[in-house]
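The structure appears below as structure tokens.
Rule-based calculations on the coordinates, nothing more; no lab input. Small disclaimer: the values here were computed from a predicted structure and weren't measured. Counting neighbours? That spans all protein chains shown, and the Cβs are built from the backbone with ideal geometry, glycine included.
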Amino acid sequence: MFKSAKLFSPSSSLSRPVANNRGLTLIEIMVVLLIVGGLAATLGQTVFNSLSRSNVQQTKLRFGEITKALEMYNGDCGGFPTTEQGLSVLMADPGTEVCPNWGPKAYTTKPVTIDGWSRAIIYESDGNNYVLKSLGSDRREGGTGDAKDISSADEAAAPTK
């Protein structure tokens, strides 16, 4: 009985785990870092591309919302706001001399007039026709990809499903 109690004593090698003094080599650490870096780069690119597409889609959806508001304004006021009046007449009553039948509530809210890159949507109108534009991510005329200009005059400006 005394011998069996001695087998499980704190000084016994059976009760202590065997220490692994080996550790990781520099090559093993570098391989792990390469794998993690590759995964991060791939996932980062996918997220970035999705964000770019969502900004374009958001801008097109906002064009649709503004178009609805402009059509309601046109029905009440007998024409579209001019370039000088801008989209602000959709948010605040411009007065009876501009539109005697405006409202009673605003046709749209301020955030709708901002594109997917948090910049004001460009509005051009002669009172009979209008064009909504966004300069894309590069904030300049022209461009390709998500930097391409978006215009309500283009068929491509229609929201995709």
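The modelled label-to-label distance between VAL98 and ARG139, using points 7 Å beyond Cα along the C-beta direction, is 2.7 nm. In terms of overall dimensions, the range 38-161 has a Cα radius of gyration and Dmax of 16.7, 63 angstrom. Which one of GLY38, VAL98, SER125 has its Cα pushed farthest toward the positive end of the charge dipole of the range 25-157, where Lys and Arg give +1 and Asp and Glu give -1 at the Cβ? Value: GLY38.
How high is the FRET efficiency from ALA41 to ALA147, r the C-beta distance, R0 25 Å, rounded to 0.05? Provide the component values of the computation, followed by the final result.
On the way: r = 22 Å, r/R0 = 0.88.
Efficiency at R0 = 25 Å is approximately 0.70.
The loop-placed GluC sites (Glu not before Pro) in the range 57-161, going by DSSP, that have at most 10 neighbouring Cβ atoms within 10 Å of their Cβ come out as GLU84, GLU97, GLU141. Counted residue by residue at 0.36 nm each, then reduced by the alpha carbon distance between them, the extension gain from GLU124 to GLN58 reaches 21.8 nm.
When only the Cβ of Lys, Arg, Asp and Glu is charged (+1, +1, -1, -1), the dipole of the range 25-157 relative to its Cα centre reaches about 380 debye. Going by neighbour counts of Cβ atoms within 10 Å, the residues LYS68, LYS105 line up, fewest first, as LYS105, LYS68. Contact order for the range 25-157, expressed relative to its length and based on alpha carbon pairs under 8 Å spaced 6+ residues apart, stands at 22 percent.
Assuming R0 = 25 Å, can you tell me the calculated FRET efficiency for the pair THR82 and SER50, based on Cβ-Cβ distance, to the nearest 0.05? Spell out each step's value before the answer.
Working: r = 38 Å, r/R0 = 1.52.
Calculated value: 0.10.
Straight-line reach from LYS105: taking Cα to Cα under 14 Å and skipping same-chain neighbours fewer than 8 places apart, the aspartates and glutamates in range are ASP76, ASP93.
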